[in-house]
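Notes for the one structure printed next.
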Amino acid sequence: MSSLHGRSLLQDADLSAEEFGHLLDLAAALRSEKRSGREHARLTGKNIALVFEKASTRTRSAFDVAAHDQGAHTTLFSPQDTHIGEKESVADYARVMGRMFDGIEFRGSAQSDVEALSSYSGVPVWNGLTDEWHPSQALADLLTVRDYSDRPLSEVTLAYCGDARNNVANSLLVSGALMGMDIRLGAPSSLQPTDEVRALADSLSSVSGARITITDDAAAAVRGADFVYTDVWVSMGEGAEKWAERIELLLPYQVNDALMAATGKDAKFLHCLPAFHDLATGVGRKIYEQFGLSALEVTHDVFESSASVVFDQAENRLHTTKALLVATLAE
């Protein structure tokens, strides 16, 4: 993994297919070490900044636990602690942080901010989510796919249905294209990836042999799929006023028993979480009161079915994040 030492991960295409595969191998090995009690610290003495302009559960937990498991120390900068672009330029902030920390995780809105952090800090920077990309999620997604498939990634079909213009869909499309997968996106035309994201995926697929399908037909998207993936219909930072519009557009793309059956296979279900599948959340109850829907992007039956591997997927955030830290920081 020497090729990744000292490098940043700002978007999925920063990795070659070989590097992506090596990270998945390393994540599986580190997971085995942890579970068997054989883990040894490779990052002792390292200091890592966790910069969160957006709130987080899985990303924060994954980076924090991964670092501590490996002997590193973390310092959290919450949304209330960061003033990037308001009281201090990104360039100035990065140059200070780079003199104090060995690596920086950033979760915020602007892709340009995480890129500037990398340019000016002089240390590895890892994208924990921006409006455009979520590469640390895609690593966990494809590790989960590998875990539940007896075939190489290049022979796996993954279908994503719903809002396919968000960071999760962008990273899935590009990572799948990088790894030579059969990737399908089912979404209304207004919520499909931008031309720039499609062009990047197409350029990667021309090398890897990936098959890419982007359609507004949900049943066609999932036909023959080994995995069906969805995400929330209103992304972090978007206003509640979007719900009526998104529900009208995306209800035909809800992952329910009928859509899972349309795969024609014993397909597995993926979701990056949190998911609105019942009335156990404040958002879920508000949606029910306003629209009469007890579930949104996925029904409760599918979410709690034997097809659902979402909590293994969530745990894999820890292992792939740890692999990323070890690969880029360990001496």
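The values are calculated or read from the model by the stated rules, or taken from the named source; none is laboratory data. None of these values were measured; they are calculated from a predicted model. Positions of Cβ are backbone-derived with ideal geometry, glycine not excepted, and every protein chain shown enters the neighbour counts.
Computed values, structure above
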quantity	calculated
Residue in segment 88-101 that is surrounded by the most Cβ atoms within 10 Å (Cβ to Cβ), counting only those that are under 19 Å from H73 (Cα atoms) and touching a helix residue (DSSP H, G or I) at 6+ places or on another chain (Cβ under 6 Å)	A94
Flag for R165 being in a loop (DSSP other than H, G, I, E, B), at pLDDT 95 or above, under 18 Å from the mean Cα position of the chain (by Cα) and surrounded by 17 or more Cβ atoms within 10 Å (Cβ to Cβ)	yes
Top-ranked residue of segment 1-13 - restricted to ones that are surrounded by fewer than 17 Cβ atoms within 10 Å (Cβ to Cβ) and part of a helix (DSSP H, G or I), ranked as modelled with the highest pLDDT	S3
Criterion (of a type in the set (A, V, I, L, M) and in contact with a Leu (Cβ under 7 Å, 6 or more places away or on another chain)) met by exactly one of A62, A41	A62
Pairs where the first residue, in segment 1-15, is under 21 Å from L200 (Cα atoms) and the second is aromatic (F, W, Y) and assigned to a helix (DSSP H, G or I), C-beta under 9 Å, 6+ apart	D12/F20
Odd one out for T328 among (1) surrounded by 14 or more Cβ atoms within 10 Å (Cβ to Cβ); (2) β-branched (V, I, T); (3) farther than 27 Å from D69 by Cβ; (4) in contact with a Pro (Cβ under 8 Å, 6 or more places away or on another chain)	(3)
Condition broken by R38, with the remaining ones in (1) modelled with pLDDT under 95; (2) part of a loop (DSSP other than H, G, I, E, B) satisfied	(1)
E105 vs. criteria at pLDDT below 95 and closer than 21 Å to D12 by Cβ	no
Listing of helices (runs of 4 or more DSSP H) fully contained in segment 70-157 that carry 1 or more residues being within 24 Å of E33 (Cα to Cα) and of a type outside the set (S, T, Y)	135-147
Per-region count, segment 300-331, residues out of contact with any Ser or Thr (no Cβ under 8 Å at 6 or more places or on another chain) and assigned to a helix (DSSP H, G or I)	13
Qualifying residue in segment 34-50 (condition: of a type in the set (S, T, N, Q), in contact with an Asp or Glu (Cβ under 7 Å, 6 or more places away or on another chain), within 27 Å of A169 (Cα to Cα) and surrounded by 13 or more Cβ atoms within 10 Å (Cβ to Cβ))	no
Among residues of segment 251-297, those that are at pLDDT below 95, buried (at least 17 other Cβ atoms within 10 Å of the Cβ) and hydrophobic (A, V, I, L, M, F, W, C), counted	1
